[in-house]
Amino acid sequence: MKKNWLLIAVGLLVAVLAIAAVACGDDDDGNGNGDGNGNGNGNGTTGTHEQTLADVLARGRLVCGVNNGVPGFGFVDADGNFSGFDIDFCRAIAAAVFGDPTLVDFIPLTAQARLTALQTGQIDVLIRNTTWTLSRDVSSGLSFATTTYYDGQGMMVLADSGITSVDELADSPICVLQGTTTEQNLATRLPDSEPVGFEDNETLQVAFIEGRCDGWTSDKSQLAGRRSAFPESEGGPDALVILTETFSKEPLGPLTRDGDNPWFDIVNWVALGIILAEEKGITSENLADHVASPGDVETASLLGVSFEGGDIFDSGLGIDTDFMQAVIAAVGNYGEIYERNVTPIGIVREGTENALAADGGLLFVPPWK
Amino acid sequence: MAVHDGTGVKRAGTMLGLWRDVRVQRFLFQVLFAAAVIVVGYILATNLTRELGNLNLEAFPFVNVSGSFPFINLTPSFLEQRAGFGIQETSFGTEYSANNSYGDAYVIGLLNTVRVAVIGIALATVLGFVVGVSRLSANWLVSQVAMLYVEVFRNIPLAIQLIFWLTVVVLRLPRIENAPEFGGFAVVSNRAIAMPWATTGDGLGVWLLLLVVAAVAAVGVYRYRARSEERTGSPRHPAWWALATFSVIAVGSFYIAGAPLGFDRPALENRRVMGGLSFSPEFIALLIGLVVYTGTFIAEIVRGSILAISKGQSEAAAALGLSTVQRLRFVILPQAMRIIIPPLTNQYLNLTKNSSLAIFVAYPDIFKVASISLNQTGQAVPLIILVMLTYLTMSLLTSLVMGIVNRRLQVPT
Amino acid sequence: MTVLSRPAATITLRTARRWAYENLFSSPANSVLTVLTLLVIGVALFGVLRFAFFSAEWEVIVVNRRQFFVGRYPVEEVFRAWIVVFMISGMAGLSLGLWSKPGVRTAAALGILLIPVFLFIRGGEVAALTAGAVGLFVLSHVAARAVVEWRENVDLLRTLTIVSWLIAFLVAMFILGEVPRLLWGGLLLTMILAVAGIVLSFPLGILLALGRASTFPVVRIFCVGYIEIIRGVPLITLLFMAQFILPLMIEPERSISALGFSVPITGYEMDNVVRALAAVTLFSAAYLAEVIRGGLQAVPRGQVEAAKALGLSTTTILALIVLPQALRAVIPSLVGQFISLFKDTSLVAIAGLTDLLGVTRTVTAQQAFIGKQAEVLLFAALLYWIVAFSMSRASQRLERILGVGER
């Protein structure tokens, strides 16, 4: 058996080569690793590299961590394209950085994997209905940009059950969609209920229809999506009622890594700019008019054009001054994004937190100057 | 590498000779191998601990290279924090609420896994043996259906089958409002499937003691009758006599001890099943899925083993006038068992490991509880390692038990 | 009905009756069994047919058919998948022809099962290409049969075919790899994970099996430990480990660095697919090692001793005498291992990949198809079943041809 080390060495080499052959199958877009390596070695912590923008530019594509299973927010359409509210924000960032909303790769992530994926640099930005909480913001090494959607956990029941308040479900079986805080919120609100925790909405829906549970709890946006598509054979959307009570606050928005302020600023202000565009009445359709003759100084600053012959406002973000033109041309303003993605799943915007501050909602943009 | 001639002849004396010494070569190779493993492990562990430190996460039970002596973290402290989530069902009478810790929740998950695995192994064995024998049945239809069952359920991923059993079969049972009660014997609904279960009284200890006495007496009677049968050659029905002895003592002592066992019958009260032993639909779906899937593999093992017993054995038994059942019971299966046990052990292990797919049917097993905890705390490393260690322990225990059974069944030499 | 044909009909009727009596109703117990079995079959068949033809709405599959097969693979690149399909069907026909006569019943059964799949593939182009692939399969099969008839000795041809399967794997990976991995999905991803998992784990499995049989205690302990640990835990925990722990182990400096050398691996390259593949490979290696160990034990000791007596070195003995025999003996088990890996890869859906099972989850997130779980799962189950069943038939055939198990 003296020489079988030779065989072992050869075998190992073959195995490594084979793995490398597969791993490098599409190496042509992996050029970004050169500088990633150079800067990364200097300091052991992930928190101090201000290099995401450089990485993204070198790679020529944005990598966005998203959901692929939530109607209206992040899903894959029949042609294999990602679509949804969160997806549009990814495209907006790509438009801001490259002027082209198509230069973005979407990586679908599970709830458990998403934070690690961002922490370890697998993605540049995470836009996957992630709730802004203190502990996540402080101890996970991540930063939350402005909230793009205010959600909250709710309860859905059958209309003919006659249930009108969450308290009536105190000791009932409740179907829960497994999430990060969903089970905890339920246990806090209804400690004596029997939680039946499903991993996907489809199986849960069958269980609910068949009468396994009296209530169905999840984020209200998800409940609304399921409700609007409830099968006609079971009575259609009218067979279901989403109770008015919201028993958790779920502000959702994009995340970046801690310590990369230039990149965080870009993500944050692209999202804010989209909201501001709605405030200013700029849509993808009338964009050209506003560029030609901005109505006020802030509009001119937002679009990166001169106001009545004055200097062009420089955001200092390190990307083109007229980046918001590309963003609005690509995805439109907040209202358009909402209209396109969220309205079809049956969630009315008026009167909710997701209306502009001027309309009584919570969407408010600091001055763009 | 032409220096080595492969004959293993030692040439001591010079330095070169020392290097050529096969024992030295062997030793050095192993040192190098161990060093390589340790270096790779060290690099990965260093990276991991540093990175976990950056993320404020714990590293159990990994070597904490940058930590203090003894460099091993044996107490993942988050396990003592309040879990804050509910679990719909517990096993073996354990109690749990959202106020318990993550550690408690983990134990609940473990017990749930053990329950489904133990019952699943028992039922899969029965199903596998029945189908395996049926595949060789003289009834054409039965053997064809057995084959159809094996081919269909063996070739579809278990995950899909589990969802099928839950959504198409178990959840289609009657709703709780219209659940039949079968006169108090059982309740079948898609919220709970319940059957009567024993309740215990005061004299239970006394009665159990008397049962042991009854068993001893029955064994004595069996031995006596069997010996008498051997001696005289006329049938003495030792098994029947033993059974009768046992029954008489057991029933008599039951009333002497004050009837300490009662039947608790399940009943519907206010859309809830009260009393009896009740199973959740998730448990039933997982159980059916595991049993049906594993049953196909056990059936193939049983069939293969029976076929491996030479045809002459069966024919000789037939010539002796044994019936089909007798041939199986006394001639074929005892021999087949010896071939069956090792692959059967593998199937038991597979069933236990496959129970981790409970997540597809919302049954709170160990993996699902760990997955919820992981979602909430982000403590991936300690949780995944803990789950792996737990499954590893269960696998080793199963192998150990089956190893003992196997040794018992082998032909004494 | 003419007078002449009557006796014939009566005879068949009588034969059928006798057959039924002998095979179905030979005893009261048998009759009860028969009736019960018929009842069970009837109920199950009725349920499935009623669902398939009346309650199911198959639109979700028709609209998303491309995703089920190739995931998000771009439409203009799908030709790559077709090239691979043609390559495989040609080689499969060739191999089948070289080794055995066609199994008419199996072929017919598979043909019937492919009909529903065909029904969902609307569009002449796809149907034409599929027909072309089937045609190539038949053609190469006939050609191979002709060669076998013509020449007695086809050993060289068979060896070449085995080698070309390995080359085909590399070529296929090269062709498919031009498209970024994050666009792989559906049956394509499932197949790639299973095939690449087996191929990549094969050398590892051989090493582990040899290591386990090694006379070096350190090596042996390491290999036994590895094999037993991996076999003792569920695949899903390994997938989670690859998903959560692996990035932490090698990502920090965006490279694996050791002793001054560093292999740059950016997070972008070390994507979900590669990590899942790593987990699947490491998992499968432990099982393959056990399969190969069985093969090693089947090689008679005398062969090794004879080779030693001839003065051959250990490496030569292993490479030219032990391994070829051992591997030949384990080929059917390898196919079995492939089948179970093929089914097990469905777990990557939990880890967030869009394999065949993962696709069933993403397409039901489209607003129009919410609640269509039964349809998509049934379709996925059918695809899984067709592949797994044909592979298991192939393995049984191989077992017979190679004479494994006959002692």
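If you take every DSSP beta bridge fully contained in region A:153-248, what fraction is antiparallel? Give it as a percent rounded to 5. Provide the component values of the computation, followed by the final result.
On the way: 7 of 15 bridges.
Counting DSSP beta bridges with both partners in region A:153-248, the antiparallel share is about 45 percent.
Between region B:315-353 and region B:196-210, what's the alpha-carbon centroid distance in Å?
Each part's Cα centre sits 36 Å from the other's.
Report the dimensions of region A:283-369 along its three principal axes from the alpha-carbon atoms, largest first, rounded to Å.
The Cα atoms of region A:283-369 stretch 44, 25, 23 Å along the principal axes, largest first.
Can you tell me how much longer the chain between B:E177 and B:W197 gets when fully stretched, taken as 0.36 nm per residue apart minus their C-alpha distance, in nm with one decimal?
Length gained, B:E177 through B:W197: 4.9 nm.
Run the numbers for B:T90 and B:V24: contour at 0.36 nm per residue of separation, minus the present Cα-Cα distance, in nm.
17.9 nm
I need the shape label for chain B. Rule: rounded when a/c is under 1.5, else prolate if a/b > b/c, else oblate, with a, b, c from the alpha carbon gyration tensor.
It is oblate, given that a/c is not under 1.5 and a/b is not larger than b/c.
To the nearest 100 Å², how much accessible surface do chains B and C cover up together, summed over both, with a 1.4 Å probe?
4700 Å²
Calculate what fraction, in whole %, of the accessible area of chain B sits on carbon and sulfur atoms when a 1.4 Å probe is rolled over the protein chains.
On the way: 13850 of 20700 Å².
The nonpolar share, carbon plus sulfur, comes to 67 percent.
Other chains' Cβ within 10 Å of C:377-384 residues: what's the mean?
4
Given chain C reduced to its alpha-carbon atoms as identical point scatterers, what log10 I(q)/I(0) does the Debye formula return at q = 0.07, 0.12, 0.15 Å⁻¹?
Once normalised to I(0) and log-transformed, intensities are -0.46, -1.18, -1.50.
Convert each backbone phi in region C:142-148 into a coupling constant with the Karplus relation 6.51 cos²θ - 1.76 cosθ + 1.60 (shift: θ = phi - 60°), then list the ³J(HN,Hα) values in order as whole Hz, x for Gly and Pro.
After applying 6.51 cos²θ - 1.76 cosθ + 1.60, I find 4, 4, 5, 4, 4, 4, 4 Hz.
What percent antiparallel are the DSSP beta bridges of the protein assembly as shown, to the nearest 5?
So the antiparallel bridges amount to about 70 percent of the total.
Take every residue in peptide B:371-379, count the Cβ atoms of other chains within 10 Å of its Cβ, and give the average of those counts.
If you average over the peptide's residues, the count of other-chain Cβ atoms is 6.
So what is the relative contact order for chain A, in percent, with contacts set as C-alpha pairs under 8 Å and at least six apart? Please list the in-between numbers first.
Details: 629 pairs, mean separation 70.9, N = 369.
Relative contact order of chain A: 19 percent.
Starting from the exponent 0.38 and prefactor 2.2 Å, build the expected Rg for the protein assembly as shown from its residue count and divide its actual Cα Rg by it.
The reported ratio for this selection is 1.03.
From the phi angles alone, apply the Karplus equation (6.51, -1.76, 1.60; θ = phi - 60°) to region B:345-362 and give each ³J(HN,Hα) in whole Hz, x where the residue is Gly or Pro.
4, 4, 5, 4, 5, 4, 4, 4, 5, 5, 4, 5, 7, 3, 4, 6, 10, 6
Explain nothing, just the number: relative contact order of chain C, from Cα pairs under 8 Å at least 6 residues apart, as a whole percent. Please list the in-between numbers first.
Working: 374 pairs, mean separation 81.5, N = 407.
In percent, rounded to a whole number, it is 20.
Hey, could you get me the Stokes-Einstein D for region B:130-240, Kirkwood radius over alpha-carbon pairs, 10 °C and 1.306 mPa s, rounded to whole µm² s⁻¹?
Working: Rh = 20.1 Å.
Value of D from the Cα-based Kirkwood radius: 79 µm²/s.
Counting only other chains, and only Cβ atoms inside 10 Å, what mean value do you get across the residues of A:59-66? Provide the component values of the computation, followed by the final result.
Numbers: counts 2, 0, 2, 0, 4, 0, 0, 0.
Taking the mean over all residues of the peptide, I get 1.
Specify whether the C-alpha gyration tensor of chain A places it in the rounded, prolate or oblate class, a ≥ b ≥ c being the square roots of the eigenvalues: rounded for a/c under 1.5, otherwise prolate if a/b is larger than b/c and oblate if not.
In terms of gyration-tensor shape, oblate.
For A:E339, C:E290, A:E308, give the ranking by accessible area with the largest first, probe 1.4 Å.
A:E308, A:E339, C:E290
Compare the Cα positions of B:F367, C:G111, B:N99 along the charge dipole of the protein assembly as shown (+1 at Cβ of Lys, Arg; -1 at Cβ of Asp, Glu; about the Cα centre) and return the one farthest towards the positive end.
Value computed over the given set: C:G111.
For region A:64-145, with equal point scatterers placed on the C-alpha atoms only and solvent neglected, what are the log10 I(q)/I(0) values from the Debye formula at q = 0.15, 0.17, 0.19, 0.23 1/Å, to two decimals?
-0.53, -0.67, -0.83, -1.13
Could you tell me the relative contact order of chain B? Use alpha-carbon pairs under 8 Å, at least six residues apart, and round to a whole percent.
Dividing the mean separation by the residue count of chain B yields 19 percent.
Read phi for every residue in region B:265-270 and hand back ³J(HN,Hα) as whole Hz from Karplus 6.51 cos²θ - 1.76 cosθ + 1.60, θ = phi - 60°, with x for Gly and Pro.
Ordered by residue, 3J(HN,Hα) equals 9, x, 8, 8, 9, 6 Hz.
Sorted by mean Cβ packing within 10 Å, highest first, what order do the peptides A:62-70, B:331-339 take?
With the highest mean Cβ count within 10 Å placed first, the list reads A:62-70, B:331-339.
List every residue whose amide H lies under 5 Å from the amide H of B:N100, counting only residues 5 or more places away in sequence or on a different chain, with H placed 1.01 Å from N in the peptide plane.
Residues meeting the amide H criterion: B:A83, B:G84.
Give the interface area between chains A and B as buried accessible surface, both sides summed, probe 1.4 Å, in Å² to the nearest 100.
In total, this chain pair buries about 3400 Å².
Can you sort A:D214, A:D100 by 1.4 Å-probe accessible area, starting with the largest? Don't skip to the end; give the middle numbers.
Details: A:D214 25, A:D100 50 Å².
Heavy-atom accessible area, descending, gives A:D100, A:D214.
For A:D151, enumerate residues with amide H under 5 Å from its amide H, sequence gap 5+ or separate chain, H modeled in the peptide plane.
Answer set, sorted by chain and number: A:E250, A:L252.
About its Cα centre, what dipole magnitude does chain B give when the only charges are +1 on Lys and Arg Cβ and -1 on Asp and Glu Cβ, stated in debye to the nearest 20?
My answer is approximately 1420 debye.
Could you work out the helix-only [θ] at 222 nm for the protein assembly as shown, with each DSSP H run of four or more residues adding -39,500 (n - 2.57) and the total divided by the number of residues, to the nearest 500 deg cm²/dmol?
It comes out at -19000 deg cm²/dmol, rounded to the nearest 500.
So, taking all protein chains as they sit and a 1.4 Å probe, how much accessible area belongs to A:T164, in Å² rounded to tens?
Around 100 Å² of this residue is reachable by solvent.
Extending each Cα 7 Å along its Cβ direction at B:A319 and A:N81, get the distance between those two points in nm, one decimal.
My value for the distance between the label points is 7.9 nm.
So what does log10 I(q)/I(0) come out to for region A:153-248 at q = 0.10, 0.11, 0.18 Å⁻¹, using the Debye formula with one equal point on every Cα and no solvent?
-0.21, -0.25, -0.72
Which value, in square angstrom to the nearest 100, describes the accessible area buried between chains A and C on both sides, using a 1.4 angstrom probe?
It comes to approximately 5300 Å² buried between A and C.
In terms of modelled amide H atoms, which long-range or inter-chain residues lie less than 5 Å from the amide H of A:V63?
It is A:D105, A:D124, A:V125, by chain and number.
First check a/c for region B:223-321, with a ≥ b ≥ c the square roots of the eigenvalues of its C-alpha gyration tensor; if it is under 1.5, answer rounded, and if not, answer prolate when a/b is larger than b/c or oblate otherwise.
Note, shape of region B:223-321 comes out oblate.
The values are calculated or read from the model by the stated rules, or taken from the named source; none is laboratory data. Computed from a prediction, not measured in an experiment: that's the story for all the values here. Cβ atoms come from the backbone with ideal geometry, glycine included; neighbour counts cover every protein chain shown. Ligands, DNA and RNA are stripped out before the accessible areas are found, and what is left, the full protein with its side chains, is counted by its heavy atoms. Shrake-Rupley method; radii C 1.70, N 1.55, O 1.52, S 1.80 Å.
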